[in-house]
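Shown next, in structure tokens, is the structure this report addresses.
The values are calculated or read from the model by the stated rules, or taken from the named source; none is laboratory data. Given the structure is predicted, the values throughout are model-derived calculations rather than measurements. Here the Cβ positions follow ideal geometry from the backbone for every residue, glycine too, while neighbour counts run over all protein chains shown.
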Amino acid sequence: MAELPQPIVGTRGADVAGPRNPEVEAQNPDIFVPPATDSGGIPSLKFPFAMAHNRLEDGGWAREVTIREMPSLKELAAVNMRLGPGVVRELHWHKEAEWAYVMSGRVRFYLVDENRQTLVEDLGPGDLWLAPAGFPHAIQGLEEGTEFLLVFNDGNFSENETLLITELFAHLPREVLAKNFGVPESAFDGTPDAEKYIFRMPVPAPLDEVRKQLGAAAMTGSYVFRASEIEPNSFPGGATKIIDSKLFPVTNMAALMIHLEPGGMREVHWHPDADEIQYYLSGKARMTVFDAVKNARTFDFVAGDVGYVPKTLAHYIENIGDEPVHVLNVFSKPEYKDISLNQWMALTPPDLVKGHLDVDEPLMSSLRQGYQPVVGK
């Protein structure tokens, strides 16, 4: 058996004498043996969905990472949901806005807005939807089922506390329901006395047939965005795709989709006005987050992990594995903004930079004014 690594660097550290969890240690090498540059007390900015409570329902499941799982989450929360063929996330609405990214399969999304417009759309991997706060909607898996990520613009959000049509009916007096719909009270004898939340139904009829039945029009670009059809911007080391209110006007949360080749890195930067929640879709990555005063902490991520960066804190994302890293970043503001460390220095008088950092060549000639968010080895 190979000898387990020990948290020892030179004269610093000591071996572990007590119980160990080698699998967790191996997934978090920069926590087990932090870089010498780490300092201070930045709280945890990582939580794996694998450790989130999974709510198993009839034909699907849902799990969430909120401020309860990771106290650093102030402005954003994430939900991972799976629906089998025909399975429905029941008619509901939220106090928060819901931003969604389809990861696999195909899904039908239903929404009615304040103008009584009906939206029915079929979406596939890489596509997005946005359900504004208070707008009623439902989600249904198509033939192959679906899995998606939901982001909500409040860290205190809970998927278990949404406003559901079944609970609405269960908690209104029968005589009020009868008066509202102009039917006898007996019309409600079959309504459930508890939520359905996720439940099985047949795979729905073809999209055109359902739209014709409802008089619904395609509303792609209103509450749905075909991000899968947008070409990414390529750079040495990877590619990015920005979907914010400039392209998707209804959204109140911006997104940056990042692809990093092995050795590639999302350059050191920060976001001036928005918190950032991350969902790692593939690969192995690390990220250091810097805060005042002398606070820095490094985290390691694999597929299924959630990361978080509060606004204004400097950070990078580096691919430290041998396969591509795909990470989805969602922000608490509708317009994407970032500040690049490299560009900031390039756009500052050289003598001022030299005077601060006591540097010269080759660093000074490497500074670039052009936008290059991803760099290679």
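Would you confirm whether any residue within region 190-202 is within 27 Å of residue 281 (Cβ to Cβ) and surrounded by 21 or more Cβ atoms within 10 Å (Cβ to Cβ)? The answer is yes; a qualifying residue exists.
Give the residues of region 82-95 that are within 12 Å of residue 159 (Cβ to Cβ) and crowded, with 23+ Cβ neighbours inside 10 Å, sorted by residue number. Within region 82-95, 89 is the sole residue that qualifies. The residue that is nearest to residue 110 (Cα to Cα), counting only those in region 194-232 that are aliphatic (A, V, I, L, M) and either outside the structural domain of residue 86 (by TED's automatic domain parsing) or within 22 Å of the chain's Cα centre (by Cα) (or both), is 224.
Condition check: in contact with a Phe, Trp or Tyr (Cβ under 8 Å, 6 or more places away or on another chain), within 24 Å of residue 213 (Cα to Cα) and outside the structural domain of residue 331 (by TED's automatic domain parsing). Does residue 151 satisfy that? No; evaluated as a whole, the condition is false for this residue. Here are some residues: 210, 176, 250, 203. Which one is out of contact with any Ser or Thr (no Cβ under 9 Å at 6 or more places or on another chain) and assigned to a loop (DSSP other than H, G, I, E, B)? Just one listed residue meets the conditions, 203.
Evaluation of residue 118 against the conditions (1) on the phi < 0 side of the Ramachandran plot; (2) modelled with pLDDT of 95 or more; (3) in contact with a strand residue (DSSP E or B) (Cβ under 6 Å, 6 or more places away or on another chain) shows that the sole unmet condition is (2).
The rows are residues; the columns are (1) part of a strand (DSSP E or B); (2) at pLDDT below 95; (3) closer than 26 Å to residue 327 by Cα.
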| position | (1), (2), (3) |
| --- | --- |
| 130 | yes, no, yes |
| 135 | no, no, no |
| 140 | yes, no, yes |
| 151 | yes, no, yes |
| 154 | no, no, yes |
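Taking region 208-218 as the range and being farther than 16 Å from residue 88 by Cβ and either in contact with an Asp or Glu (Cβ under 9 Å, 6 or more places away or on another chain) or surrounded by 15 or more Cβ atoms within 10 Å (Cβ to Cβ) (or both) as the test, the residues that pass are 211, 216, 218. Checking each residue in region 230-254 for being over 28 Å from residue 95 (Cβ atoms) and touching a residue at least 12 places away in the same chain (Cβ under 8 Å) picks out 230, 232, 235, 236, 237, 238, 239, 240, 241. None of 353, 306 is touching a helix residue (DSSP H, G or I) at 6+ places or on another chain (Cβ under 8 Å), in a helix (DSSP H, G or I), crowded, with 16+ Cβ neighbours inside 10 Å and at pLDDT 95 or above except 353. Within region 95-128, being part of a loop (DSSP other than H, G, I, E, B), under 21 Å from the mean Cα position of the chain (by Cα) and either within 14 Å of residue 223 (Cβ to Cβ) or of a type in the set (Phe, Trp, Tyr) (or both) holds for 97, 127. Scanning region 254-271 for residues that are part of a loop (DSSP other than H, G, I, E, B) and surrounded by fewer than 22 Cβ atoms within 10 Å (Cβ to Cβ) yields a count of 3. Condition test on residue 312, is it of a type in the set (Val, Ile, Thr) and without any contact (Cβ under 8 Å) to a residue 24 or more places away in the chain? When the stated conditions are applied, residue 312 does not pass them. Which ones in region 154-178 are in contact with a strand residue (DSSP E or B) (Cβ under 8 Å, 6 or more places away or on another chain) and of a type outside the set (A, V, I, L, M, F, W, C)? Those that are in contact with a strand residue (DSSP E or B) (Cβ under 8 Å, 6 or more places away or on another chain) and of a type outside the set (A, V, I, L, M, F, W, C): 154, 155, 156, 158, 159, 160, 162, 166.
When region 168-201 is filtered for residues that are touching a residue at least 60 places away in the same chain (Cβ under 8 Å) and among the aromatic types (Phe, Trp, Tyr), the ones remaining, listed by number, are 197, 199. Has region 358-370 got any residue that is more than 30 Å from residue 252 (Cα to Cα), part of a loop (DSSP other than H, G, I, E, B), in contact (Cβ under 8 Å) with a residue 60 or more places away in the chain and of a type in the set (Lys, Arg)? Within region 358-370, none of the residues are more than 30 Å from residue 252 (Cα to Cα), part of a loop (DSSP other than H, G, I, E, B), in contact (Cβ under 8 Å) with a residue 60 or more places away in the chain and of a type in the set (Lys, Arg).
Looking at region 159-168, is at least one residue within 20 Å of residue 67 (Cα to Cα) and within 15 Å of the chain's Cα centre (by Cα)? Within region 159-168 (the criterion being within 20 Å of residue 67 (Cα to Cα) and within 15 Å of the chain's Cα centre (by Cα)), the answer is yes, since at least one residue qualifies.
Remark: pairs (first residue in region 79-91, closer than 16 Å to residue 110 by Cα; second residue hydroxyl-bearing (Ser, Thr, Tyr) and at pLDDT 95 or above; Cβ separation under 6 Å; 6+ apart in sequence or on different chains) = 83/146; 90/197.
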